[in-house]
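In what follows, a single structure is set out as C-alpha cells and then discussed.
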Amino acid sequence: MSIFRKLGWFFKKEKKSYIIGVFSLIMVALVQLVPPKVIGIVIDEIAKKDFTMKSILFWIGILLTAAAAQYFFRFIWRTHIWGSAARLEKDLRKQLFHHFTRMDSVFYQKYRTGDLMAHATNDLNAIQNVAGAGILTFADSIITGGATIVAMILFVDWRLTLIALIPLPLLAVTSRVLGSKLHDAFRESQAAFSTINDKTQESITGMKVIKTFGQEQEDIQDFTGKIDDAIVKNKRVNFLDALFDPFITLIIGVSYVLTIIVGGNFILSGEITIGQLVSFISYIGMLVWPMFAIGRLFNVLERGNASYDRVNELLHEKTHIVEIENAIETTAKGRLSMKIAKFAYPKEEIATLEDISFAIDEGETLGIVGKTGAGKTTLLKLFMREYDYYDGVVSIGGQNIKNYTLDALLQSIGYVPQDHFLFSMTVRDNIRFANPDFTQEEVEEAAKMAYIDEDIKAFANSYDTLVGERGVSLSGGQKQRISIARALIVQPELLILDDALSAVDAKTEEAILSNLKVARKEKTTIIAAHRLSSVMHAKEIIVLDDGKIVERGTHQELLALDGWYKRMWDKQQLEAKIEGSEA
C-alpha cells in the first residue's frame, strides 16, 4: 500500500474528483444489494402462493430503477476516477519530459535511450493504473464487500455469514506473500523491456551499418536473446499473478459448500426461508468480485510501486550544470578566452585536456586541428557548458561563462556538431528550428550562406520537402549544410563548427568559408576540422595532441615550424592533387 502514500501529492490535488468517484462507488454497492433481496422476496411469495400481477409489476419496477441507478452512478465514478488517472499520467509525462530537457551529458551517458523510453511508456502506464484501477479495486473491494457482508447479516443470518467468511483470512496472507514476490519480479520484467526498447532503437538507427557489414542474422540472434530473457522474466510475473485467481476461486468454493450445508440445516429448522438462502447465495456471488479485486489490487499496486520507484529514481537525478543566483541574463558576447589547467570526464582518471590557453577577439576566427581523439570536440563542449567540473576558467566578454544564465549563454552560440541531427519535418522547419517565426526570406538567406539553397530548390517540394527521420533522405553533405544554415539563421555571437565541412567537396567548402568571412566579420567563429583548408584563413590555429596544445600560430607560421601541421598540410595537398588528376 506504500504506493498510495507515494502518490499522496496527487490524491490531495484531485481530492474532489476522488470523493465524488468513491461516493458513486458506495451508491453502486448499495443499489447492487437490491436485486438479490428482491429475488429472495419473490421466491418466498411464490412459495406462499401470494404472487400477483401487481407484485410482478412492482418488483420489475424496483429492478429497473436499480438498474438505471447503477448505470448513472457507474458513469459518474468512471468519469471521475479514470479521468483523474489520465491526468496523473499527463502530469508525470510532462514532468519526465521537462526533466529530460534539463539533464546534462552525464545523465544521457548513464541512461540508454531505450531505457528512458520504457520509463516514459510502460512505467507511466503502470503508475496510471494505480490511480485508476488501483483506487477502483481498493475502494470497490472494501465498499462492495463490506456492504454485501452487512446485507448478509441484516437480511439473512449473522451466524451463516460468519461461517461463510471463515476462509477469507487466508486470502490476506496469500496476497501479502505473493505481492512482495510480484513487486521484485515486475521490476525485473520492466528492466528487460527497457533492454528490448534500447536494442530496437539502436538497431533501427544503425540498420544501414548492419546491412553493410552483413550482420543481420547476428543482430536478429542478439535481439532474440533479449526477447527470450524478457519472456522468462514475464513468465515469472504471469505465474505469480496467475496464483491469485485460482486461490480466490478455491476460497469462494469453500464458502459455497459451508453455506449450502449450514444454510440447508437452518431451512430445515425453520430459522431462515428458501428465499433468504437464495439471496444469501447471490450475495456470496457478489463477494466474488471484491475477492478477485483484492488479488488484482495487489497486482496493480506492486506493478505501480515498482514503476514509480523507477520513474522517481530518474526524476531525482540532478544535473551537474546549475545556474548561480542572480546570473547575467544579457546575451553573452565579447572577447572569448579559455584557460584550462585540467579537465577529465566524470569517472575518468586520465585528463582529456591539459594546459589549454587561448583568447579570441570579436570578429576573429580560431582554428582547432589535431588527430582523431586529440580533444577538439571536448574543448568545444566546455564552451557550451556541457561539463562544469574543470580546473580553469572559460570566459566571454570578461565574464566566466558560469556567471551567465544558460539561456543567455546558449542563445549566443550557434553550434554545428560532427553528428548532424535533423528532425522529421520539412527542410524549412529544420533551418528555422530555433524560431519558427523566421520568414522564408531569412530561411533562404541562411541557406545561401551555407551553399545549400540551390540543392533545396532542386528537391521535388523545395523547402517543403520532408527530410525523413534524422535526415535519412539527404546526403551527408546536404545534412551538414542544412545544419550550418540552422546555426547561421540565428546570427549567433559565437559560431562553432565541429568538423562541419567534412562531407563537402573543396569547392563547396571554399564557398561556405567565403560567405562566413563576409557575413561574420564582426562575430566570433571557432572551426574544428581535420581538413586544414577549413582553418587556413583563421586568425590563430591551435594544434592539439593528447589534450595539449603542441603548436599554435597562423597558417604560415605553422608551416614554418615544420611540425605536425606542416606534415599534414603537405599530405592533404598531395591527396588533393592526386584526386584532381584522376578526375
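The values are calculated or read from the model by the stated rules, or taken from the named source; none is laboratory data. If you're wondering where the values come from, they're calculated on a predicted model, not measured in any experiment. Don't worry about glycine lacking a Cβ; one is built from the backbone with ideal geometry, like all the others, and counts go over all protein chains shown.
A few remarks follow.
- Of all residues in segment 335-344, exactly one satisfies the criterion of being buried (at least 17 other Cβ atoms within 10 Å of the Cβ) and either assigned to a loop (DSSP other than H, G, I, E, B) or among the charged types (D, E, K, R) (or both), namely A344.
- Residues of segment 384-396 satisfying the condition of being closer than 30 Å to V518 by Cβ and either at pLDDT 90 or above or not assigned by TED's automatic domain parsing to the domain that holds D546 (or both): V394, S395, I396
- Residue within segment 527-544 that is under 20 Å from M384 (Cβ atoms), basic (K, R) and in contact with a helix residue (DSSP H, G or I) (Cβ under 9 Å, 6 or more places away or on another chain) present: no
- From the list A529, A487, A560, the lone residue that is more than 28 Å from L410 (Cβ to Cβ) and either not aromatic (F, W, Y) or not assigned by TED's automatic domain parsing to the domain that holds I340 (or both) is A560.
- Only residues that are surrounded by 14 or more Cβ atoms within 10 Å (Cβ to Cβ), assigned to a loop (DSSP other than H, G, I, E, B) and among the polar types (S, T, N, Q) were counted across segment 407-462, and they come to 3.
- Evaluating I482 against the criteria (1) within 29 Å of the chain's Cα centre (by Cα); (2) crowded, with 17+ Cβ neighbours inside 10 Å; (3) outside any helix (DSSP H, G or I) leaves one unmet condition, (3).
- Any hit, segment 455-462, residues being under 29 Å from A576 (Cα atoms) and touching a Gly at 6+ places or on another chain (Cβ under 9 Å): yes
- Contacts under 6 angstrom Cβ, first residue in segment 60-73 being touching a residue at least 40 places away in the same chain (Cβ under 8 Å), partner surrounded by 13 or more Cβ atoms within 10 Å (Cβ to Cβ), 6 or more apart: A69/V31; Q70/V28; Q70/V31; F73/S24; F73/M27; F73/V28
- Hey, E317 among the charged types (D, E, K, R), assigned to a loop (DSSP other than H, G, I, E, B), in contact with a helix residue (DSSP H, G or I) (Cβ under 9 Å, 6 or more places away or on another chain) and surrounded by fewer than 19 Cβ atoms within 10 Å (Cβ to Cβ) or not: yes
- Residue ID - surrounded by the most Cβ atoms within 10 Å (Cβ to Cβ), chosen from residues in segment 345-366 that are assigned to a loop (DSSP other than H, G, I, E, B) and acidic (D, E): E364
- So G398, is it out of contact with any Phe, Trp or Tyr (no Cβ under 8 Å at 6 or more places or on another chain) and either hydroxyl-bearing (S, T, Y) or farther than 30 Å from T372 by Cα (or both): yes
- Failed condition for D50, given (1) closer than 27 Å to V278 by Cα; (2) of a type outside the set (F, W, Y); (3) in a helix (DSSP H, G or I): (3)
- Considering T554, T525, the condition of being among the polar types (S, T, N, Q) and either free of Cβ contacts under 8 Å to residues at least 40 places away in the same chain or exposed (fewer than 15 other Cβ atoms within 10 Å of the Cβ) (or both) is satisfied by T554 alone.
- A single entry from A359, A374 fulfils the requirement of being under 25 Å from G553 (Cα atoms) and either among the acidic types (D, E) or in contact with a Gly (Cβ under 8 Å, 6 or more places away or on another chain) (or both): A374.
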